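S.K.: Sending over a structure as structure tokens; questions will come in a sec.
The values are calculated or read from the model by the stated rules, or taken from the named source; none is laboratory data. Model, not experiment: these values are computed from the prediction. FYI the Cβ positions are ideal-geometry reconstructions off the backbone, even for glycines, and counts take in every protein chain you see. Quick note on the areas: whole protein, heavy atoms, side chains included, nothing else; ligands and nucleic acids left out. Shrake-Rupley method; radii C 1.70, N 1.55, O 1.52, S 1.80 Å.
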Amino acid sequence: DGGITQSPKYLFRKEGQNVTLSCEQNLNHDAMYWYRQDPGQGLRLIYYSQIVNDFQKGDIAEGYSVSREKKESFPLTVTSAQKNPTAFYLCASGSRLGTDTQYFGPGTRLTVL
Amino acid sequence: QKEVEQNSGPLSVPEGAIASLNCTYSDRGSQSFFWYRQYSGKSPELIMFIYSNGDKEDGRFTAQLNKASQYVSLLIRDSQPSDSATYLCAVIPSGGSYIPTFGRGTSLIVHP
């Protein structure tokens with residue numbers, strides 16, 4: 001059963017903590033993306049990756065970090081430097097960067113306590 | 001900054017009517033256009049993509065692209081309450097980055 005999985009579904013973070021959001025895909029897609037969505041807002045790109053061991057900053061990368069050690073996995077770390085991390089985080093993948101559609105995971109809702 | 005604009009709505013239509021959702025974009029060289037549906041609390045799911053001027057139909061959905069006027073529309077025929085959601089327009093701009101720019105979405109409410 002192919003698709004994109006994200007975990008956890010809900011995540012609570014205390015001030016000053018780093019947390020890591022998981023994203024895994026078994027679609028054999030080269031490109032993977034992380035977006036942030038705030039209420040009433042569109043999707044804002046945090047980071048993206050075209051191939052293993054390579055990734056690029058998006059529009060709002062400050063306070064976030066990623067890795068791409070495997071084709072299937074693209075975890076996102078929300079660091080303590082991110083001052084307003086409460087949001088809905090979406091991971092997506094695509095078979096060719098930009099020339100094909102993006103498929104989204106179910107999302108992780110992060111709340112700072 | 002390459003922009004994608006959508007009316008936030010809500011757009012309210014009666015069941016069985018045609019819902020018309022519009023999206024304008026600033027980059028004249030944009031090549032690929034996508035419509036996603038997002039239910040409250042859920043992730044976006046692809047409805048349609050369109051690359052060429054004109055209409056593209058898929059069931060009750062029709063995407064319309066007019067590159068000269070820089071707009072793309074989504075028509076939903078025979079609207080159902082289950083169509084109530086936010087519809088996101090995404091555009092891949094020119095310039096070679098191939099990263100889509102998303103609009104903020106239009107909230108659609110189909111009332112019985």
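S.K.: Any idea how many residues of region B:47-74 are in a strand (DSSP E or B) and open to solvent by less than 40 Å² (accessible area, probe 1.4 Å)?
M.R.: Here the count works out to 11.
S.K.: Further, regarding this structure: For region A:61-113, how many residues meet the condition of being among the aromatic types (Phe, Trp, Tyr), more than 8 Å from chain B (Cβ to nearest Cβ) and open to solvent by 30 Å² or more (accessible area, probe 1.4 Å)?
M.R.: Qualifying residue count, region A:61-113: 0.
S.K.: Take the residues in region B:37-46 that are at the interface with chain A (Cβ under 10 Å from one of its Cβ atoms) and surrounded by 12 or more Cβ atoms within 10 Å (Cβ to Cβ), then tell me which one is farthest from A:Arg109 (Cα to Cα).
M.R.: Once the filter is applied, the top-ranked residue is B:Leu46.
S.K.: Does region B:18-31 contain any residue that is facing another protein chain (nearest Cβ under 9 Å), in contact (Cβ under 8 Å) with a residue 24 or more places away in the chain and either open to solvent by less than 30 Å² (accessible area, probe 1.4 Å) or closer than 11 Å to B:Val72 by Cβ (or both)?
M.R.: Within region B:18-31, not a single residue is facing another protein chain (nearest Cβ under 9 Å), in contact (Cβ under 8 Å) with a residue 24 or more places away in the chain and either open to solvent by less than 30 Å² (accessible area, probe 1.4 Å) or closer than 11 Å to B:Val72 by Cβ (or both).
S.K.: Only residues that are among the aromatic types (Phe, Trp, Tyr), under 16 Å from A:Asn84 (Cβ atoms) and in a loop (DSSP other than H, G, I, E, B): list them for region A:39-65, please.
M.R.: Once the filter is applied, which keeps residues that are among the aromatic types (Phe, Trp, Tyr), under 16 Å from A:Asn84 (Cβ atoms) and in a loop (DSSP other than H, G, I, E, B), region A:39-65 yields nothing.
S.K.: Let me ask something additional. Keeping to region A:32-43, report how many residues are surrounded by fewer than 16 Cβ atoms within 10 Å (Cβ to Cβ) and facing chain B (nearest Cβ under 9 Å).
M.R.: The number of residues fulfilling the criteria is 2.
S.K.: Are there any pairs with C-beta distances below 8 angstrom linking a residue in region B:42-66 that is modelled with pLDDT under 95 to a residue that is open to solvent by 50 Å² or more (accessible area, probe 1.4 Å) and of a type in the set (Gly, Ala, Ser), with the two at least 6 apart or on different chains, and if so which?
M.R.: Cβ pairs passing all conditions: B:Asn53/B:Ala68.
S.K.: Also, quick follow-up: Quick check: anything in region B:83-105 away from chain A (no Cβ under 11 Å), over 12 Å from the mean Cα position of the chain (by Cα), in a strand (DSSP E or B) and farther than 20 Å from A:Gly107 by Cβ?
M.R.: No, because not a single residue in region B:83-105 is away from chain A (no Cβ under 11 Å), over 12 Å from the mean Cα position of the chain (by Cα), in a strand (DSSP E or B) and farther than 20 Å from A:Gly107 by Cβ.
S.K.: Please enumerate the residues belonging to region A:1-20 that are in a strand (DSSP E or B) and open to solvent by 60 Å² or more (accessible area, probe 1.4 Å).
M.R.: Once the filter is applied, which keeps residues that are in a strand (DSSP E or B) and open to solvent by 60 Å² or more (accessible area, probe 1.4 Å), region A:1-20 yields A:Thr5, A:Tyr10, A:Phe12, A:Thr20.
S.K.: Considering only residues that are open to solvent by less than 30 Å² (accessible area, probe 1.4 Å) and modelled with pLDDT under 95, which ones fall in region A:21-31?
M.R.: A:His29, A:Ala31
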